[in-house]
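Okay, so here's the structure we're looking at.
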Amino acid sequence: MLKSKKIFILSLILLHFFLLYNCNNQEKEEILEVDFSETETDVNNVSKKVQFSINMAVSAMTSPKETYIYYQQLLNYISRKINTPVSMKQRKTYQEVNNLLETGESNFAFICSGAYIRTKKNSNIELLAVPIVKNEPYYYSYIITHKDSSIKKFDDFYKRTFAFTDLLSNTGRLYPLYLISKLKQNPENYFSKIIYTHAHDFSIHVVARKIVDGASVDSLVFEYIKKNNPDKILDVKIIKISPPFGIPPIVVNRYIDSKTKNKLRKTLFTMHRDEEGKKILKNLMFDKFIEAHDYLYNTVRDMDNFVKKAELKQKYQ
Amino acid sequence: MKDVKVKLRTKFILSITIVVLLFGSINIILIRKITLESLQRELEKRGVFIAQNLGEHVIEYLLHEDFLSVQKLVDEIKVLDKDVAYTFIISSDEKVITHNFNQTFPVELIKANLLSEEKEYNVKLIFDKNKRFLYRDIAVPILNGELGMVRVGLAEKNITYQINKANTIFTGMVIVFFLAGIFGAFVFAYLITSPISKIVDGFAKLDLDKTAEEIRIKTHDEIEYLADKFNEMARRLQSTHNELKNAQTKLIQTEKLASIGTLVSGLAHEINNPLSGLKNCLNRIKKKPEKKETLKYLDLMLNALDKIEYVVKGLLDFSRTKSDIFSPVSVKEVIEKAFSLVGYKLEKHSIEVIKDIKNNIGSLMGDPHKLEQVFVNLILNSIDAMPDGGKLIVEAFNNNNKICIFVEDTGKGIPEAYLNKIFDPFFTTKETGKGTGLGLPISFNFIKAHGGEIFVESKQGIGTIMKVWLPSHSSGKTNRREK
Ligand SMILES: Nc1ncnc2c1ncn2[C@@H]1O[C@H](COP(=O)(O)OP(=O)(O)OP(=O)(O)O)[C@@H](O)[C@H]1O
Ligand SMILES: [Mg+2]
């Protein structure tokens, strides 16, 4: 009786110490000592980046992050094939990208068809390649609205809200402007409100969220999203598809040396023949790259001229 | 209550206090640990959230090379959360893009927390050697590390402050907890033990000769039940005790009557015989008084009167046990004298006598004639038990101021049923006229009068030992029984 009592008390105390030991035995976090006095004033040395021989510029077809991911693989592939590091610059607006090309800050770019036709006739910009999608070098503009919306045709957008992508965007602005012009309406006050999203995926998003009644988006981006994130387009419907336009091309400027230019061209044109290239093309939903011709963009140019004339007419009426 | 070594109450208080202390301290330590950890986790979570949020936000600006907006974002963080000590963004090639230190940037910090691949974030404790500040540095990759990483440093001193605050609360809690626990132990112990103490007191006070006090406890539990049982037990004990006492007195009375009965019947028997003899003789003398047989009858009558006188004298000896004057008596002498009185009888029955009387046996205060008579009686009894011879051993020695005298024989022994009767007056197994049954009772009374005792040990067919002990004179006690 007495013995068992003692054993009980003893085990109680042992248990106590065991618990105490466990509690205090928590792993101590490792602490690193750092000398904060060792400082440097001029640390913003990012701007003095290593000069790359090829500097690719992209205008955001989609959001900057998406765009980066979208082009990164292709970029890595190219730089490996031509044995030259390729850097990438993104800009918010197409105009900024055009400026990069003109100043020579970039010498290689994916630009929108709308932006391409805006480059000056005598500019140093030169078509390099164009992707083929579903066996044709064309793409379209999709006019979209919310799936529950009463809007059935483009005319229904009158005095409604609408999202444009970029000032220089073909599918994202020029095409709907052309439609309005054809209606002999003034684009400036056709919609009750216009917002610029600077990315086709964001245009889809704002329509799906009913922030705007409609938007006009790049078919390539729309199909890409449909394939990779079908949820994002569940709430939108396409009410009009444009006639085909030449797909946004890859361009170079004169700041690039012809040797590199040829290497680039060769790499792009043969990409679909090797496994890795094929895979990257497939991800981008391109069949292959082919030689680009300026006439591909004539439809866009015509549309642009039509809109300009209409605007002038409006102005002097 | 003096007999209780450790009081129940002390035990209660001690054990409850120990339990409170043990588990209280475990509790406190556990709670402290948990709070500390959750505070740290919370801070870490917030830091990670801030860093990840910033990391997500700057992607666009970094891709657009809009460093002005990056700087704005980084500066805003410091304003929005006062726990954030510093924020900076480094490119994938470990160049600082923006930071919000005042003017200069500590370069060592860049390599202090590097992200391993595919980790969502990394946390490191960084100690500023000069200012002696501790920072929780969180590194979060920007676009899976392709654009570099965001680093957020949280001042650990703020959480230390919070922990210290929590600590004071805990310490207070501990003290309150312990005090309450110990106070509870006291109250609890009192509540439990005071009724038990009442019961213990009840036991101590229990006196069967007086009417017992009832223990009154109203705790409505086992202890009340125990008290009720105790009261019941006390009542029962008392009634049993009273019954027993009555029975005892009755028994004593019956016993007295019984011994008087024996005495009277014995006396009647002993006196009746010579009386009828006397009557016979007188009748014969009355018929023919002149006959010359008359003289013979007178002799017979004298004999009968002698016998009556002997019985009466014996009775007087038995009743007049209280001795008059005691004087120092040598035990050895007394025994020798007794032997000299019965010597011829011993020889006649050819009994071997072995005497072992120690010299240092000493003397005692007493009446030598009475003691002589005792030993004569014992020896005569032994002789009677050995009519065809045997051994008589007499031992005398001093043990612890007690003089012991053993009279042992190899006679027929005493049946077990008689052992407690042989000291009764007139108890005898001997035929009429041979024994009166007064020898042992008289001897018993004499020994008693000397402050001693006499015992018998006997086995039928083997022999008997009569053990006598008497207080020795040197013991200092003088046995003077007056009256
Ligand atoms: N040593 C002995 N051995 C056997 N029996 C004994 C012995 N001493 C006593 N007794 C028994 O105890 C009885 C009582 O003894 P006690 O001396 O009182 O009476 P008694 O010897 O019978 O008569 P008396 O009065 O003559 O002594 C005896 O009758 C006898 O039976
Ligand atoms: Mg006798």
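Roughly how many percent of the accessible protein surface of the stretch B:97-147 is carbon and sulfur, given a 1.4 Å probe and a whole-percent answer? Mind dumping the intermediate values first?
Details: 1160 of 2670 Å².
Answer for the stretch B:97-147: carbon and sulfur cover 43 percent of the accessible area.
Calculate the length of the line joining the C-alpha centroid of the stretch A:174-200 to that of the stretch A:215-283, in whole Å. That distance is 25 Å. Here the Debye sum runs over all C-alpha atoms of chain B as equal scatterers in vacuum, and log10 of I(q)/I(0) at q = 0.10 Å⁻¹ comes out as -0.95. Highest mean first, the peptides A:56-67, A:5-16 sorted by other C-beta atoms within 10 Å per residue fall in the order A:56-67, A:5-16.
Summing Lys, Arg as +1 and Asp, Glu as -1, what charge do residues with Cβ under 15 Å from the Cβ of residue A:286 carry, residue A:286 excluded? Please report the intermediate quantities before stating the final value.
Working: positive: A:134, A:227, A:273, A:278, A:279, A:282, A:288; negative: A:136, A:218, A:223, A:274, A:276, A:287, A:291.
Charge balance near residue A:286 sits at 0.
Taking the charge dipole of the stretch B:36-118 about its Cα centre, with +1 at Lys and Arg Cβ atoms and -1 at Asp and Glu Cβ atoms, the residue from B:70, B:87, B:104 reaching farthest to the positive side is B:104. Per-residue shielding of B:346-355, expressed as the average number of other chain Cβ atoms within 10 Å of the residue Cβ, stands at 0. Near residue A:39, the amide H atoms lying under 5 Å from its own belong to B:107; only residues 5 or more places off or on other chains count, and H is placed 1.01 Å from N.
Considering only protein heavy atoms and a 1.4 Å probe, what is the carbon-and-sulfur percentage of the accessible area of the stretch B:325-483?
Numbers: 4130 of 8360 Å².
Carbon with sulfur: 49 percent of the solvent-accessible area.
Listed highest first by mean packing, meaning other Cβ atoms within 10 Å per residue, what order do B:22-28, B:366-372 come in?
The densest-packed peptide leads the list: B:366-372, B:22-28.
Our coupling estimate for the stretch A:213-223, obtained by passing each phi through the Karplus curve with A = 6.51, B = -1.76, C = 1.60 and θ = phi - 60°, is 7, x, 7, 10, 10, 5, 5, 4, 5, 4, 5 Hz, Gly and Pro reported as x.
Given a 1.4 Å probe and every protein chain left where it sits, what share in percent of the accessible area of the stretch A:106-200 is carbon and sulfur?
About 47 percent, which is the carbon plus sulfur part of the accessible surface.
For residue A:213, the residues whose amide H sits under 5 Å from its own are A:161, A:162, ignoring neighbours fewer than 5 places away on the same chain, with H placed 1.01 Å from N.
Looking at chain A, what % of its DSSP beta bridges pair antiparallel, to the nearest 5?
Numbers: 22 of 37 bridges.
Among the beta bridges of chain A, antiparallel pairing accounts for roughly 60 percent.
Any idea of the total accessible area buried by the B-A contact, 1.4 Å probe, rounded to 100 Å²? All intermediate terms of the calculation are to be shown ahead of the outcome.
Numbers: alone 31030 and 18820 Å², together 45980 Å².
Accessible area lost upon association: around 3900 Å².
Taking 28 Å as the limit for the C-alpha separation, the pairs A:232/B:124; A:89/A:226; B:296/B:370 exceed it in the case of A:232/B:124; B:296/B:370. The spacing between the stretch B:24-97 and the stretch B:266-289, judged by their C-alpha centroids, is 142 Å. A simple rule links phi to the HN-Hα coupling: the Karplus curve 6.51 cos²θ - 1.76 cosθ + 1.60 with θ = phi - 60°, which for the stretch B:457-472 gives 10, 8, 10, 4, x, 10, x, 9, 10, 9, 9, 10, 10, 9, x, 7 Hz, with x for Gly and Pro. Positive end of the dipole of the protein assembly as shown (Cβ unit charges, origin at the Cα centre): among B:152, A:179, B:376, the Cα lying farthest that way belongs to B:376.
For B:101-107, what's the mean count of beta carbons from other chains sitting within 10 Å of each residue's beta carbon?
5
Note on residue B:169 and residue B:44: their simple-model spin labels are 2.2 nm apart, each label 7 Å out from Cα toward Cβ.
The Cα center of the stretch B:396-461 and the Cα center of the stretch A:122-154 differ in position by 145 Å. Karplus-based coupling profile of the stretch B:290-296, in residue order and whole Hz: 8, 4, 6, 5, 4, 4, 4, with θ = phi - 60° in 6.51 cos²θ - 1.76 cosθ + 1.60 and x standing for Gly or Pro.
Between residue B:418 and residue B:292, the C-beta separation translates, for a Förster distance of 45 Å, into a calculated FRET efficiency of about 0.40.
When DSSP assigns beta bridges and you keep just the ones with both residues in the stretch B:325-483, what percent turn out antiparallel, to the nearest 5? Intermediate values should be presented prior to the final figure.
On the way: 27 of 34 bridges.
So the antiparallel bridges in the stretch B:325-483 amount to around 80 percent.
For the residue pairs B:279/B:434; A:288/B:95; A:92/A:210, the alpha carbons lie more than 26 Å apart in A:288/B:95.
Restricting the stretch B:141-245 to GluC sites (Glu not before Pro) that sit in a DSSP loop and have at most 16 other Cβ atoms within 10 Å of their own Cβ leaves B:146, B:213, B:214. The GNM of chain A, with springs linking C-alpha atoms under 10 angstrom apart, assigns the highest mean-square fluctuation among A:287, A:302, A:213 to A:302. Exceedance of the 23 Å cut-off in Cα-Cα distance is limited, within the set B:250/B:313; B:337/B:448; A:193/B:72, to B:250/B:313; A:193/B:72. Only DSSP H runs of four or more residues enter the estimate; each adds -39500 (n - 2.57), and after division by the residues of the protein assembly as shown the mean residue ellipticity at 222 nm equals -17000 deg cm²/dmol.
Rolling a 1.4 angstrom probe over the protein heavy atoms with all chains in place gives the stretch B:325-483 an accessible area of 53 Å² per residue. With an a/c value of 1.5 or above and a/b larger than b/c for the gyration tensor axes a ≥ b ≥ c computed over the alpha-carbon atoms, the protein assembly as shown is described as prolate. Can you pull out the trypsin sites (Lys or Arg not before Pro) in the stretch A:124-223 whose DSSP state is coil and whose Cβ has at most 14 other Cβ atoms within 10 Å? Within the stretch A:124-223, the qualifying trypsin sites (Lys or Arg not before Pro) (loop, at most 14 other Cβ atoms within 10 Å) are A:134, A:147, A:152, A:153, A:159, A:184, A:209, A:210. The trypsin sites (Lys or Arg not before Pro) of the stretch B:130-206 that meet both conditions, a loop assignment by DSSP and at most 16 other Cβ atoms within 10 Å of the site Cβ, are B:131, B:132. Rank B:142, B:127, B:184 by how far each Cα sits towards the positive end of the charge dipole of the stretch B:127-197 (+1 on Lys, Arg Cβ; -1 on Asp, Glu Cβ) and give me just the farthest. Most positive-ward Cα: B:127.
In the context of the full set of protein chains, residues of the stretch B:8-163 present 50 Å² of accessible surface per residue (probe radius 1.4 Å, heavy atoms only). Annotation: residue B:19 carries an accessible surface of approximately 60 Å², with a 1.4 Å probe and no ligand, DNA or RNA atoms counted.
Over chain B, calculate the relative contact order: mean separation of alpha carbon pairs under 8 Å at least 6 apart, over the residue count, as a percent. Write out the running numbers ahead of the final one.
Details: 641 pairs, mean separation 50.2, N = 483.
For chain B, the relative contact order is 10 percent.
The values are calculated or read from the model by the stated rules, or taken from the named source; none is laboratory data. In this text, all values refer to a predicted model and were calculated from it rather than measured experimentally. In this analysis, Cβ positions are derived from the backbone assuming ideal geometry, glycine residues included, and neighbour counts consider all displayed protein chains. Keep in mind that these areas ignore ligands, DNA and RNA; they rest on the heavy atoms of the full protein, side chains included. Shrake-Rupley method; radii C 1.70, N 1.55, O 1.52, S 1.80 Å.
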